[in-house]
Amino acid sequence: MTNQDQDFGTRAIHAGVEPDPTTGAIMTPIFQTSTYVQQSPGVHKGFEYSRTHNPTRNVLQDNLASLENGKYCNAFSSGMAATETVIKSLLPGDEVIAANDLYGGSYRLFTKVWANFGIKFSFADFSTPSNIEPLITPKTKLVWLETPTNPLLGIIDIAGIAAICKKHGILLVVDNTFGTPYLQNPLDLGADVVMHSLTKYLAGHSDVVMGALITNNADLAAKFQYLMNSTGNNPGPFDSWLVLRGIKTLHVRMDRHCHNGGIMANFLNEHPLVEKVFYPGLAHHPNHDVAKRQMRGFGGMISFILKGDDYGQAVRVMESFKVFSLGESLGGVESICTHPASMTHASVPKEEREKTGFRDTLIRLSVGIEGIDDLVADVTQALKA
Ligand code: P1T
């Protein structure tokens, strides 16, 4: 069932999902199988081998396509596997323009892995769409961005970038991990492909690593499926099932993430020890108007810098949290505090990080769905430290 007229919450729970025809089980079974019995060579029920297709994964893919208003979805073993599949569809000599504020693992994959295979990457500040134009050459095949960005919570005008890409015949890929399909739909704004780290808000419970690509372009979807089947970066059935289960509460969780995120951002913004808060919902955010236009809420990710910019002090604050856990990742029901410079973005050289205003003292919060008073009290006591 994928009725696009239905409410997001209805699709989150039902799109692609049917009761199991053999038993009536309401929950999609975990088809934990590597292969499928054939009646005669080539005569089968549509499944041959689980690297190629798996029924549990298929249901998840149909569900995700519906949530992103796309026709096709391919799921992968991680967000990075999804990302590298897009890059693998290019050829040596092709050029990619990427936003200069993005997940450190994406930067590493581009500059340290795929650059060795003759694909050229250049980076720009995408906060003003026209900034990408000087970098476009006849070899530019792809533009890559995420919005909100990781870790500076920058907002990029997807429709503005898409218009430039269309004019030059360049594909636009948007990593919608921080945004989620509940808060924004990049395909509706002109993007050709949406990428997700399903590990984060979509799975939502910090218990699985997975990724996905969603598109309306049949040729691209076929290419992604071909590359996945050829190179084997597919997800397992149990992981697919975990994400499918997580998505059933995405809309409810995101409402609470947005609510808690907004209160926390305002609290930090008024705190005497805090120098700067990065959150798209704050009126002083440089692209607050773009965020209001292209998003349905501002999410639960916040970064901030303390007054005095003292590294030791920032470390003491991060060590002092009691409800927030210190570590990598985001988007789970539990609150997490991350030190991007030493964790998620350690592979981005310090000089590159600092060009975007990303300092070693930056603290990133993934505000979970616990009681907001307890979260504010936790930040209050940690800042006192
Ligand atoms: O971890 P994986 O599922 O492979 O997804 C990679 C990825 C891609 N895009 C964005 C915007 C991401 O934030 C990530 C992973 N990020 C973290 C682990 C983190 O803590 O920022």
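General remarks:
- Whichever residue in region 337-355 is under 16 Å from SER325 (Cα atoms) and either over 24 Å from the mean Cα position of the chain (by Cα) or outside any loop (DSSP other than H, G, I, E, B) (or both) and, among such residues, is nearest to the ligand (Cβ to nearest atom): THR338
- Sub-7 Å Cβ pairs linking a first residue in region 31-58 that is under 18 Å from GLU18 (Cα atoms) and open to solvent by less than 60 Å² (accessible area, probe 1.4 Å) to a second residue that is of a type in the set (Phe, Trp, Tyr) and outside any loop (DSSP other than H, G, I, E, B), at least 6 apart or interchain, are THR56/TRP241, ordered by first then second residue.
- Filter result for ALA291 (in contact with a Pro (Cβ under 8 Å, 6 or more places away or on another chain) and buried (at least 22 other Cβ atoms within 10 Å of the Cβ)): yes
- Any hit, region 102-122, residues being under 28 Å from PRO280 (Cα atoms), away from the ligand (no atom under 13 Å from the Cβ) and under 19 Å from the mean Cα position of the chain (by Cα): no
- Hits in region 85-99 (condition: part of a helix (DSSP H, G or I) and either within 12 Å of the ligand (Cβ to nearest atom) or not basic (Lys, Arg) (or both)): THR85, VAL86, ILE87
- A single entry from LEU64, LEU102 fulfils the requirement of being in a helix (DSSP H, G or I) and crowded, with 20+ Cβ neighbours inside 10 Å: LEU64.
- Hits in region 356-370 (condition: closer than 20 Å to LYS307 by Cα, away from the ligand (no atom under 16 Å from the Cβ) and of a type outside the set (S, T, N, Q)): GLY357, ARG359, ASP360
- ILE156 vs. criteria touching a Phe, Trp or Tyr at 6+ places or on another chain (Cβ under 6 Å) and among the aliphatic types (A, V, I, L, M): yes
- Enumeration of residues in region 157-177 that are among the β-branched types (Val, Ile, Thr) and surrounded by fewer than 24 Cβ atoms within 10 Å (Cβ to Cβ): ILE164, ILE170
- Here PHE304, PHE298, PHE278, PHE238 are screened, and the one residue that is surrounded by fewer than 15 Cβ atoms within 10 Å (Cβ to Cβ), at pLDDT 95 or above, within 21 Å of the chain's Cα centre (by Cα) and hydrophobic (A, V, I, L, M, F, W, C) is PHE238.
- Residue ID - nearest to ASP239 (Cα to Cα), chosen from residues in region 178-207 that are open to solvent by 10 Å² or more (accessible area, probe 1.4 Å) and touching an Asp or Glu at 6+ places or on another chain (Cβ under 7 Å): SER206
- Selected residue (only one of LEU244, LEU227 is closer than 17 Å to HIS53 by Cα and open to solvent by less than 10 Å² (accessible area, probe 1.4 Å)): LEU244
- Test: residue in region 272-280 that is without any contact (Cβ under 8 Å) to a residue 40 or more places away in the chain, part of a loop (DSSP other than H, G, I, E, B) and farther than 30 Å from GLY190 by Cα: yes
- The residues on offer are ALA75, ALA82, and the sole one that is in contact with a Lys or Arg (Cβ under 8 Å, 6 or more places away or on another chain), under 18 Å from LYS223 (Cβ atoms), touching a residue at least 24 places away in the same chain (Cβ under 8 Å) and not in a loop (DSSP other than H, G, I, E, B) is ALA75.
- Subset of region 111-142 (residues that are open to solvent by 50 Å² or more (accessible area, probe 1.4 Å) and in a helix (DSSP H, G or I)): LYS112, VAL113, ASN116, PHE117, SER130, ASN131, GLU133, PRO134, LEU135
- Set GLU328, GLU334: member being away from the ligand (no atom under 12 Å from the Cβ), of a type in the set (Asp, Glu) and within 20 Å of the chain's Cα centre (by Cα): GLU334
- Filtering ASN54, ASN63, ASN69 for residues that are away from the ligand (no atom under 16 Å from the Cβ) and touching an Asp or Glu at 6+ places or on another chain (Cβ under 6 Å) leaves a single hit, ASN69.
- Neighbours by Cβ (under 6 Å, 6+ apart or cross-chain): first from region 345-369, at negative phi; second among the hydroxyl-bearing types (Ser, Thr, Tyr): VAL348/TYR107; ASP360/TYR311; THR361/TYR311; LEU362/SER303; ARG364/SER303; ARG364/THR338; VAL367/SER335; GLY368/SER335
The values are calculated or read from the model by the stated rules, or taken from the named source; none is laboratory data. Nothing here was measured: the structure is a model prediction, and the numbers come from that model. No Cβ is skipped: glycine too gets one built from the backbone with ideal geometry, and neighbour counts run over all protein chains shown. Calculation scope for accessible area: heavy atoms of the full protein, side chains included, ligands and nucleic acids excluded. Shrake-Rupley method; radii C 1.70, N 1.55, O 1.52, S 1.80 Å.
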